[in-house]
Amino acid sequence: MIVTIFFYAFALLTLGGGLLCITRRSAVHSAIWLVVSLLGAAGLYLQLQAEFLFAVQVVLYIGGIVVLFLFVIMLVNLDEAAKQRQFNRQWLVGLAAAVLVGAEVVYFLRSGMKTFQLPAPARTALITEGNTEKLADVLFSEYLLPFEIASVLLLVAIVGSVIMAKKRI
Amino acid sequence: MLTPISTIHYLIISAALLLIGTLGVLVRRNIVVILMSIELILNAVNINLIAFSRHHDNVNGQIFAIFVITVAVAEAAVGLGILIALFRNRETVLADEIDLLKW
């Protein structure tokens, strides 16, 4: 029962925060609602017993990416943009496309609903071992090469963003 | 159908969040908000991956979610760097005013 209540509370945070994030006029308000949405998603991760990803979500997304967004909002003058129209001229087409994709997704979820109705199996191995240990085991053995490639990607992103934001190279 | 919570509930939440993010990318003019919408889309993907990781009791989905987060960080950093360079040159952050390559 308590699991159900928490699920719907987190789902409300995620979806409500997301909706408010894309509709607010001020970019700072959007960033704050993005934090609410990301926190709701972090709660969903916790309910799915992904404790390590919960921590990563809070520390990296909310503590890293949203703060980066707020820094850029402070650097870039958004007052002029806030006074103008917030939605582009094709917003009706965009809404129609989103509704169409939504109808498609609902159709496929309904036809496949029986398969996913079962609650997930109870975890036995992970209770003794812990989520982080198991993740680390797999990440540093089976996925070692993708892990290294991801670190190269981050290095490239650092160099790229510094070059992009610099006045004179 | 409302209880108990099963995988399909997470899939519905994920699909709804994906649609909200798509809508944000399609209709907003402010590039900062468009980048935030992309973060929402990547979060929807992560919820999906972790729900299936739980469904199959297999940790590989969570590993993939870590890689998705890595790519999201790289994308946000480079995107915001481009935004700063763009604002320096064009004095605008509205996506439909940047139309040099449009015919």
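Quick look at the values:
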read-out	value
Matching residues in the stretch A:17-72 - criterion: being crowded, with 22+ Cβ neighbours inside 10 Å and among the hydroxyl-bearing types (Ser, Thr, Tyr)	A:SER30, A:SER37, A:TYR45, A:TYR61
Residue count for the stretch B:87-103, restricted to those that are at the interface with chain A (Cβ under 9 Å from one of its Cβ atoms) and surrounded by fewer than 20 Cβ atoms within 10 Å (Cβ to Cβ)	7
Top-ranked residue of the stretch A:109-157 - restricted to ones that are at pLDDT 90 or above and among the hydroxyl-bearing types (Ser, Thr, Tyr), ranked as surrounded by the fewest Cβ atoms within 10 Å (Cβ to Cβ)	A:SER141
B:ALA65 being surrounded by fewer than 22 Cβ atoms within 10 Å (Cβ to Cβ), free of Cβ contacts under 8 Å to residues at least 60 places away in the same chain and at the interface with chain A (Cβ under 7 Å from one of its Cβ atoms)	no
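The values are calculated or read from the model by the stated rules, or taken from the named source; none is laboratory data. Since the structure is predicted, the reported quantities are computational estimates derived from the model, not experimental observations. Quick reminder, even Gly has a Cβ in these numbers, built from the backbone with ideal geometry, and neighbours come from all protein chains shown.
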